[in-house]
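Let me begin by presenting the structure, written as C-alpha coordinates, before commenting on it.
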(Lines give C-alpha, C1' and ligand atoms only; values in the text may rest on other atoms or scores of the structure.)
Protein backbone atom coordinates (compact mmCIF):
# COMPACT_ATOMS: atom_id res chain seq x y z
CA UNK A 1 0.00 0.00 0.00
CA UNK A 2 1.23 3.50 -0.82
CA UNK A 3 2.36 5.88 1.89
CA UNK A 4 0.95 9.17 0.58
CA UNK A 5 -2.26 11.06 1.38
CA UNK A 6 -4.22 8.86 -1.06
CA UNK A 7 -3.14 5.60 0.60
CA UNK A 8 -6.08 3.20 0.65
CA UNK A 9 -7.73 4.74 -2.43
CA UNK A 10 -8.27 2.24 -5.25
CA UNK A 11 -8.04 3.51 -8.82
CA UNK A 12 -8.91 1.58 -11.98
CA UNK A 13 -7.12 2.92 -15.07
CA UNK A 14 -8.30 1.87 -18.50
CA UNK A 15 -4.92 1.92 -20.24
CA UNK A 16 -4.14 4.52 -22.88
CA UNK A 17 -1.45 7.05 -23.72
CA UNK A 18 -0.63 10.61 -22.69
CA UNK A 19 -2.69 12.57 -20.20
CA UNK A 20 -4.69 9.73 -18.60
CA UNK A 21 -1.57 7.70 -17.69
CA UNK A 22 0.09 10.84 -16.31
CA UNK A 23 -2.95 11.49 -14.12
CA UNK A 24 -2.82 7.88 -12.91
CA UNK A 25 0.91 8.27 -12.21
CA UNK A 26 0.25 11.35 -10.09
CA UNK A 27 -2.42 9.54 -8.06
CA UNK A 28 -0.05 6.60 -7.55
CA UNK A 29 2.77 8.92 -6.47
CA UNK A 30 0.40 10.26 -3.83
CA UNK A 31 -0.26 6.78 -2.47
CA UNK A 32 -3.25 5.43 -4.40
CA UNK A 33 -3.34 1.76 -5.39
CA UNK A 34 -3.75 2.07 -9.16
CA UNK A 35 -4.51 -0.96 -11.31
CA UNK A 36 -3.71 -0.30 -14.97
CA UNK A 37 -5.68 -2.38 -17.45
CA UNK A 38 -3.46 -2.62 -20.52
CA UNK A 39 -4.59 -3.62 -23.98
CA UNK A 40 -3.39 -6.88 -25.52
CA UNK A 41 -0.12 -6.86 -27.54
CA UNK A 42 -0.43 -5.30 -30.98
CA UNK A 43 -2.10 -2.03 -29.99
CA UNK A 44 -0.25 0.84 -31.69
CA UNK A 45 0.13 3.59 -29.17
CA UNK A 46 2.81 5.42 -27.22
CA UNK A 47 6.55 5.52 -27.70
CA UNK A 48 8.27 2.28 -28.78
CA UNK A 49 10.62 2.09 -25.78
CA UNK A 50 11.53 -0.50 -23.19
CA UNK A 51 8.93 -0.65 -20.42
CA UNK A 52 11.33 0.56 -17.71
CA UNK A 53 11.73 3.89 -19.48
CA UNK A 54 7.98 4.44 -19.89
CA UNK A 55 7.87 6.59 -16.78
CA UNK A 56 4.24 7.64 -17.18
CA UNK A 57 3.41 4.03 -16.26
CA UNK A 58 5.44 4.03 -13.05
CA UNK A 59 4.02 3.20 -9.65
CA UNK A 60 1.24 0.82 -10.58
CA UNK A 61 0.60 -2.79 -11.44
CA UNK A 62 -0.68 -3.97 -14.80
CA UNK A 63 -3.17 -6.55 -15.98
CA UNK A 64 -3.83 -7.21 -19.67
CA UNK A 65 -7.53 -7.18 -20.51
CA UNK A 66 -9.12 -7.48 -23.95
CA UNK A 67 -12.13 -5.19 -23.71
CA UNK A 68 -13.52 -6.61 -26.95
CA UNK A 69 -14.39 -9.80 -25.05
CA UNK A 70 -17.73 -9.79 -23.15
CA UNK A 71 -16.15 -11.70 -20.28
CA UNK A 72 -13.54 -8.95 -19.95
CA UNK A 73 -16.22 -6.27 -19.73
CA UNK A 74 -17.94 -8.19 -16.95
CA UNK A 75 -14.60 -8.49 -15.16
CA UNK A 76 -13.96 -4.74 -15.43
CA UNK A 77 -17.40 -3.99 -14.02
CA UNK A 78 -16.60 -6.27 -11.09
CA UNK A 79 -13.36 -4.35 -10.58
CA UNK A 80 -15.24 -1.04 -10.84
CA UNK A 81 -17.50 -2.28 -8.06
CA UNK A 82 -14.50 -2.24 -5.72
CA UNK A 83 -12.76 0.92 -6.98
CA UNK A 84 -13.00 4.47 -5.69
CA UNK A 85 -12.01 6.08 -9.01
CA UNK A 86 -12.08 4.92 -12.63
CA UNK A 87 -10.06 6.74 -15.30
CA UNK A 88 -10.72 6.46 -19.05
CA UNK A 89 -9.35 8.44 -21.98
CA UNK A 90 -11.34 7.12 -24.94
CA UNK A 91 -13.04 9.26 -27.54
CA UNK A 92 -16.62 10.14 -26.60
CA UNK A 93 -18.95 7.17 -26.91
CA UNK A 94 -16.26 4.47 -27.01
CA UNK A 95 -16.61 3.48 -23.35
CA UNK A 96 -20.38 3.28 -23.82
CA UNK A 97 -19.98 1.01 -26.86
CA UNK A 98 -17.73 -1.26 -24.83
CA UNK A 99 -20.36 -1.46 -22.11
CA UNK A 100 -18.14 0.43 -19.66
CA UNK A 101 -19.72 3.88 -19.70
CA UNK A 102 -20.78 5.72 -16.53
CA UNK A 103 -24.19 4.05 -16.27
CA UNK A 104 -23.16 0.38 -16.03
CA UNK A 105 -20.24 1.36 -13.81
CA UNK A 106 -22.58 3.32 -11.57
CA UNK A 107 -24.84 0.28 -11.29
CA UNK A 108 -21.83 -1.67 -10.11
CA UNK A 109 -20.79 1.03 -7.65
CA UNK A 110 -22.93 4.06 -6.84
CA UNK A 111 -20.01 5.77 -5.06
CA UNK A 112 -17.61 5.44 -8.01
CA UNK A 113 -15.92 8.60 -9.29
CA UNK A 114 -15.77 8.19 -13.07
CA UNK A 115 -13.01 10.34 -14.58
CA UNK A 116 -13.12 11.03 -18.33
CA UNK A 117 -10.22 12.58 -20.28
CA UNK A 118 -10.77 13.91 -23.80
CA UNK A 119 -9.29 16.61 -25.99
CA UNK A 120 -12.42 18.37 -27.22
CA UNK A 121 -14.88 17.30 -24.52
CA UNK A 122 -17.85 14.94 -24.50
CA UNK A 123 -19.98 17.19 -26.71
CA UNK A 124 -19.74 19.83 -29.43
CA UNK A 125 -19.01 19.73 -33.17
CA UNK A 126 -15.42 18.51 -32.69
CA UNK A 127 -16.11 15.95 -29.96
CA UNK A 128 -15.60 12.90 -32.18
CA UNK A 129 -12.59 14.29 -34.08
CA UNK A 130 -9.04 13.13 -33.40
CA UNK A 131 -6.52 15.61 -32.08
CA UNK A 132 -3.39 16.12 -30.02
CA UNK A 133 -2.02 18.67 -27.58
CA UNK A 134 -0.99 21.10 -30.33
CA UNK A 135 -4.54 21.14 -31.71
CA UNK A 136 -6.18 21.78 -28.36
CA UNK A 137 -3.88 24.64 -27.38
CA UNK A 138 -4.16 26.21 -30.83
CA UNK A 139 -7.92 26.53 -30.40
CA UNK A 140 -7.76 28.12 -26.94
CA UNK A 141 -5.28 30.95 -27.59
CA UNK A 142 -2.34 29.27 -25.85
CA UNK A 143 -0.30 28.46 -28.95
CA UNK A 144 -0.83 31.89 -30.52
CA UNK A 145 0.49 33.57 -27.36
CA UNK A 146 3.73 31.60 -27.08
CA UNK A 147 6.72 32.68 -29.15
CA UNK A 148 8.74 35.64 -30.34
CA UNK A 149 7.66 38.61 -32.38
CA UNK A 150 7.81 37.96 -36.11
CA UNK A 151 8.27 34.22 -35.63
CA UNK A 152 5.83 31.29 -35.79
CA UNK A 153 4.13 30.19 -32.58
CA UNK A 154 6.52 28.18 -30.38
CA UNK A 155 5.41 24.67 -29.47
CA UNK A 156 5.62 24.26 -25.65
CA UNK A 157 6.17 20.48 -25.88
CA UNK A 158 2.87 18.85 -24.89
CA UNK A 159 2.85 20.44 -21.45
CA UNK A 160 0.00 22.94 -21.77
CA UNK A 161 -2.66 20.68 -23.32
CA UNK A 162 -1.96 17.08 -22.40
CA UNK A 163 -0.46 17.48 -18.97
CA UNK A 164 -1.25 20.97 -17.66
CA UNK A 165 -4.72 21.35 -19.15
CA UNK A 166 -5.52 17.63 -19.12
CA UNK A 167 -3.87 15.44 -16.49
CA UNK A 168 -3.72 18.00 -13.69
CA UNK A 169 -7.35 19.04 -14.10
CA UNK A 170 -8.47 15.42 -14.23
CA UNK A 171 -6.48 14.66 -11.07
CA UNK A 172 -7.93 17.67 -9.26
CA UNK A 173 -11.39 16.74 -10.47
CA UNK A 174 -11.41 13.11 -9.39
CA UNK A 175 -9.83 13.86 -6.00
CA UNK A 176 -12.39 16.63 -5.42
CA UNK A 177 -15.25 14.32 -6.42
CA UNK A 178 -13.88 11.61 -4.15
CA UNK A 179 -13.79 14.06 -1.24
CA UNK A 180 -17.42 14.99 -1.90
CA UNK A 181 -18.47 11.35 -2.21
CA UNK A 182 -17.19 10.65 1.29
CA UNK A 183 -19.98 12.94 2.52
CA UNK A 184 -22.77 12.16 0.06
CA UNK A 185 -22.06 8.49 -0.61
CA UNK A 186 -22.60 9.22 -4.28
CA UNK A 187 -20.11 9.15 -7.10
CA UNK A 188 -20.22 11.34 -10.21
CA UNK A 189 -18.70 11.81 -13.64
CA UNK A 190 -15.71 14.14 -13.98
CA UNK A 191 -15.55 15.48 -17.55
CA UNK A 192 -12.01 16.80 -18.10
CA UNK A 193 -11.33 18.21 -21.56
CA UNK A 194 -7.95 19.53 -22.61
CA UNK A 195 -9.53 22.54 -24.34
CA UNK A 196 -11.20 23.46 -21.05
CA UNK A 197 -8.06 23.00 -18.99
CA UNK A 198 -5.72 24.82 -21.35
CA UNK A 199 -8.19 27.70 -21.60
CA UNK A 200 -8.34 27.79 -17.79
CA UNK A 201 -4.55 28.06 -17.66
CA UNK A 202 -4.87 31.27 -19.70
CA UNK A 203 -7.19 32.97 -17.19
CA UNK A 204 -4.64 35.61 -16.17
CA UNK A 205 -3.92 36.56 -19.76
CA UNK A 206 -7.55 36.80 -20.81
CA UNK A 207 -8.02 39.20 -17.90
CA UNK A 208 -5.00 41.29 -18.90
CA UNK A 209 -6.16 41.28 -22.52
CA UNK A 210 -9.64 42.49 -21.55
CA UNK A 211 -8.05 45.28 -19.51
CA UNK A 212 -5.96 46.42 -22.46
CA UNK A 213 -2.74 45.59 -20.65
CA UNK A 214 -1.92 42.59 -22.87
CA UNK A 215 -1.83 42.74 -26.65
CA UNK A 216 -2.68 39.95 -29.08
CA UNK A 217 0.72 40.48 -30.74
CA UNK A 218 3.05 37.62 -29.96
CA UNK A 219 6.34 38.56 -28.31
CA UNK A 220 5.23 42.08 -27.42
CA UNK A 221 4.31 41.66 -23.75
CA UNK A 222 6.16 41.39 -20.47
CA UNK A 223 5.95 37.58 -20.09
CA UNK A 224 6.19 36.39 -23.71
CA UNK A 225 9.76 37.55 -24.59
CA UNK A 226 8.63 41.10 -25.37
CA UNK A 227 10.27 42.54 -22.26
CA UNK A 228 14.09 42.49 -22.24
CA UNK A 229 14.15 41.80 -18.51
CA UNK A 230 12.00 38.65 -18.93
CA UNK A 231 13.91 36.81 -21.61
CA UNK A 232 16.73 34.45 -22.49
CA UNK A 233 20.18 35.43 -23.72
CA UNK A 234 23.02 33.53 -25.33
CA UNK A 235 26.39 33.58 -23.57
CA UNK A 236 29.98 33.48 -24.85
CA UNK A 237 30.17 29.69 -24.73
CA UNK A 238 26.89 29.11 -26.57
CA UNK A 239 24.96 28.55 -23.34
CA UNK A 240 21.82 30.39 -22.35
CA UNK A 241 20.76 32.50 -19.39
CA UNK A 242 17.17 33.15 -18.32
CA UNK A 243 16.27 36.49 -16.79
CA UNK A 244 13.05 37.12 -14.88
CA UNK A 245 13.66 40.52 -13.29
CA UNK A 246 10.03 41.62 -13.25
CA UNK A 247 10.05 43.83 -10.16
CA UNK A 248 11.93 47.12 -10.26
CA UNK A 249 14.37 46.20 -7.48
CA UNK A 250 15.33 42.98 -9.28
CA UNK A 251 15.70 44.90 -12.55
CA UNK A 252 18.10 47.31 -10.88
CA UNK A 253 20.01 44.39 -9.41
CA UNK A 254 20.24 42.87 -12.89
CA UNK A 255 21.62 46.13 -14.32
CA UNK A 256 24.25 46.15 -11.60
CA UNK A 257 25.30 42.57 -12.39
CA UNK A 258 25.52 43.46 -16.09
CA UNK A 259 27.49 46.63 -15.36
CA UNK A 260 24.84 48.88 -16.94
CA UNK A 261 23.58 52.29 -15.79
CA UNK A 262 19.86 52.77 -15.20
CA UNK A 263 20.17 56.33 -16.57
CA UNK A 264 21.01 54.90 -20.00
CA UNK A 265 17.42 53.68 -20.42
CA UNK A 266 14.11 55.58 -20.38
CA UNK A 267 12.66 53.23 -17.75
CA UNK A 268 11.99 49.56 -17.12
CA UNK A 269 8.39 49.64 -18.37
CA UNK A 270 8.80 52.18 -21.16
CA UNK A 271 8.27 50.00 -24.22
CA UNK A 272 9.97 52.54 -26.47
CA UNK A 273 13.24 51.66 -24.76
CA UNK A 274 12.82 47.88 -24.87
CA UNK A 275 14.54 47.30 -28.25
CA UNK A 276 17.68 49.17 -27.21
CA UNK A 277 17.67 47.56 -23.76
CA UNK A 278 17.38 44.11 -25.35
CA UNK A 279 20.28 44.82 -27.69
CA UNK A 280 22.49 46.02 -24.81
CA UNK A 281 21.59 43.01 -22.68
CA UNK A 282 22.33 40.62 -25.56
CA UNK A 283 25.70 42.24 -26.26
CA UNK A 284 26.77 42.17 -22.61
CA UNK A 285 25.68 38.58 -22.04
CA UNK A 286 27.84 37.48 -24.98
CA UNK A 287 30.96 38.71 -23.16
CA UNK A 288 31.01 35.93 -20.54
CA UNK A 289 30.20 32.24 -20.31
CA UNK A 290 27.00 30.92 -18.78
CA UNK A 291 28.74 29.75 -15.61
CA UNK A 292 30.60 33.05 -15.23
CA UNK A 293 27.31 34.95 -15.30
CA UNK A 294 25.81 32.57 -12.75
CA UNK A 295 28.79 33.15 -10.46
CA UNK A 296 28.49 36.93 -10.81
CA UNK A 297 24.77 36.86 -10.09
CA UNK A 298 25.02 34.52 -7.11
CA UNK A 299 23.37 36.18 -4.11
CA UNK A 300 22.57 39.37 -6.03
CA UNK A 301 18.78 38.80 -6.32
CA UNK A 302 18.83 39.51 -10.03
CA UNK A 303 16.52 36.61 -10.98
CA UNK A 304 19.18 35.19 -13.29
CA UNK A 305 19.52 31.42 -13.78
CA UNK A 306 21.11 29.07 -16.31
CA UNK A 307 18.99 27.32 -18.92
CA UNK A 308 19.77 23.69 -18.11
CA UNK A 309 19.33 20.71 -20.40
CA UNK A 310 17.64 17.42 -19.46
CA UNK A 311 21.08 15.99 -18.80
CA UNK A 312 22.17 18.94 -16.64
CA UNK A 313 19.07 19.62 -14.53
CA UNK A 314 19.35 16.63 -12.15
CA UNK A 315 22.90 17.73 -11.25
CA UNK A 316 21.89 21.26 -10.20
CA UNK A 317 22.75 22.01 -6.57
CA UNK A 318 19.29 23.36 -5.68
CA UNK A 319 17.47 20.44 -7.25
CA UNK A 320 19.85 17.95 -5.63
CA UNK A 321 19.29 19.52 -2.22
CA UNK A 322 15.57 19.45 -2.79
CA UNK A 323 15.53 15.88 -4.08
CA UNK A 324 13.62 17.01 -7.16
CA UNK A 325 15.00 14.08 -9.14
CA UNK A 326 15.42 10.48 -8.02
CA UNK A 327 17.04 7.38 -9.48
CA UNK A 328 14.89 4.26 -9.75
CA UNK A 329 16.52 1.15 -11.22
CA UNK A 330 19.11 3.30 -12.98
CA UNK A 331 16.56 5.66 -14.54
CA UNK A 332 16.74 9.30 -13.44
CA UNK A 333 13.27 10.82 -13.18
CA UNK A 334 11.31 13.59 -11.42
CA UNK A 335 10.29 12.80 -7.85
CA UNK A 336 6.66 12.90 -6.71
CA UNK A 337 5.19 16.38 -6.21
CA UNK A 338 3.94 18.19 -4.22
CA UNK A 339 5.47 17.41 -0.82
CA UNK A 340 3.49 16.48 2.30
CA UNK A 341 4.77 16.95 5.85
CA UNK A 342 3.01 13.96 7.42
CA UNK A 343 2.05 11.60 4.58
CA UNK A 344 4.79 11.87 1.96
CA UNK A 345 4.20 10.39 -1.46
CA UNK A 346 6.59 7.96 -3.11
CA UNK A 347 7.19 6.12 -6.36
CA UNK A 348 5.67 2.76 -5.47
CA UNK A 349 7.43 0.72 -8.16
CA UNK A 350 9.10 1.05 -11.56
CA UNK A 351 6.95 0.92 -14.72
CA UNK A 352 5.42 -2.51 -15.26
CA UNK A 353 5.44 -4.72 -18.28
CA UNK A 354 1.90 -4.98 -19.68
CA UNK A 355 0.14 -7.81 -17.88
CA UNK A 356 2.97 -8.36 -15.42
CA UNK A 357 0.61 -8.57 -12.44
CA UNK A 358 -2.58 -9.95 -13.98
CA UNK A 359 -3.06 -12.92 -11.65
CA UNK A 360 -1.68 -11.13 -8.61
CA UNK A 361 -3.96 -8.11 -8.77
CA UNK A 362 -7.07 -9.96 -9.88
CA UNK A 363 -6.61 -12.25 -6.91
CA UNK A 364 -6.30 -9.26 -4.58
CA UNK A 365 -9.39 -7.69 -6.12
CA UNK A 366 -11.52 -10.75 -5.39
CA UNK A 367 -11.23 -13.05 -8.42
CA UNK A 368 -10.88 -16.73 -7.53
CA UNK A 369 -8.49 -19.12 -9.27
CA UNK A 370 -11.44 -20.59 -11.12
CA UNK A 371 -12.66 -17.19 -12.31
CA UNK A 372 -9.19 -16.21 -13.52
CA UNK A 373 -8.82 -19.48 -15.37
CA UNK A 374 -12.18 -18.96 -17.07
CA UNK A 375 -11.23 -15.42 -18.09
CA UNK A 376 -7.95 -16.63 -19.55
CA UNK A 377 -9.70 -19.46 -21.43
CA UNK A 378 -12.12 -16.91 -22.91
CA UNK A 379 -9.24 -14.70 -24.07
CA UNK A 380 -10.40 -11.92 -21.76
CA UNK A 381 -7.14 -11.55 -19.84
CA UNK A 382 -3.49 -12.07 -20.68
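A few points about this structure:
- Members of segment 343-378 that are on the phi > 0 side of the Ramachandran plot and out of contact with any strand residue (DSSP E or B) (no Cβ under 8 Å at 6 or more places or on another chain): 366
- Selection of segment 258-272 for residues being touching a helix residue (DSSP H, G or I) at 6+ places or on another chain (Cβ under 9 Å) and surrounded by 12 or more Cβ atoms within 10 Å (Cβ to Cβ) yields 258, 260, 262, 265, 266, 267, 268, 269.
- Flag for residue 287 being touching a strand residue (DSSP E or B) at 6+ places or on another chain (Cβ under 9 Å) and modelled with pLDDT of 95 or more: no
- From the list 212, 147, 185, 207, the one residue that fits, being touching a residue at least 40 places away in the same chain (Cβ under 8 Å), surrounded by fewer than 14 Cβ atoms within 10 Å (Cβ to Cβ) and farther than 27 Å from residue 262 by Cα, is 185.
- Just one of the listed residues (76, 64, 34) is at pLDDT 95 or above, in a helix (DSSP H, G or I) and either farther than 15 Å from residue 87 by Cα or touching a strand residue (DSSP E or B) at 6+ places or on another chain (Cβ under 7 Å) (or both), namely 76.
- Subset of segment 313-331 (residues that are part of a loop (DSSP other than H, G, I, E, B) and over 30 Å from residue 249 (Cα atoms)): 323, 329, 330
- Residue within segment 293-315 that is at pLDDT 95 or above, within 22 Å of residue 51 (Cβ to Cβ) and touching a strand residue (DSSP E or B) at 6+ places or on another chain (Cβ under 6 Å) present: yes
- Residue match in segment 128-135 (condition: free of Cβ contacts under 8 Å to residues at least 24 places away in the same chain, closer than 15 Å to residue 80 by Cα and over 19 Å from the mean Cα position of the chain (by Cα)): no
- Residue check for residue 322: loosely packed, with under 13 Cβ neighbours inside 10 Å, within 25 Å of the chain's Cα centre (by Cα) and modelled with pLDDT of 95 or more: yes
- Any chance residue 39 is crowded, with 17+ Cβ neighbours inside 10 Å, at pLDDT below 95 and under 23 Å from the mean Cα position of the chain (by Cα): yes
- Within segment 188-201, considering residues that are within 13 Å of residue 137 (Cβ to Cβ) and in contact with a helix residue (DSSP H, G or I) (Cβ under 6 Å, 6 or more places away or on another chain), the one surrounded by the most Cβ atoms within 10 Å (Cβ to Cβ): 194
The values are calculated or read from the model by the stated rules, or taken from the named source; none is laboratory data. Computed from a prediction, not measured in an experiment: that's the story for all the values here. Please note: Cβ atoms are built from the backbone with ideal geometry, for glycine as well, and neighbour counts cover all protein chains shown.
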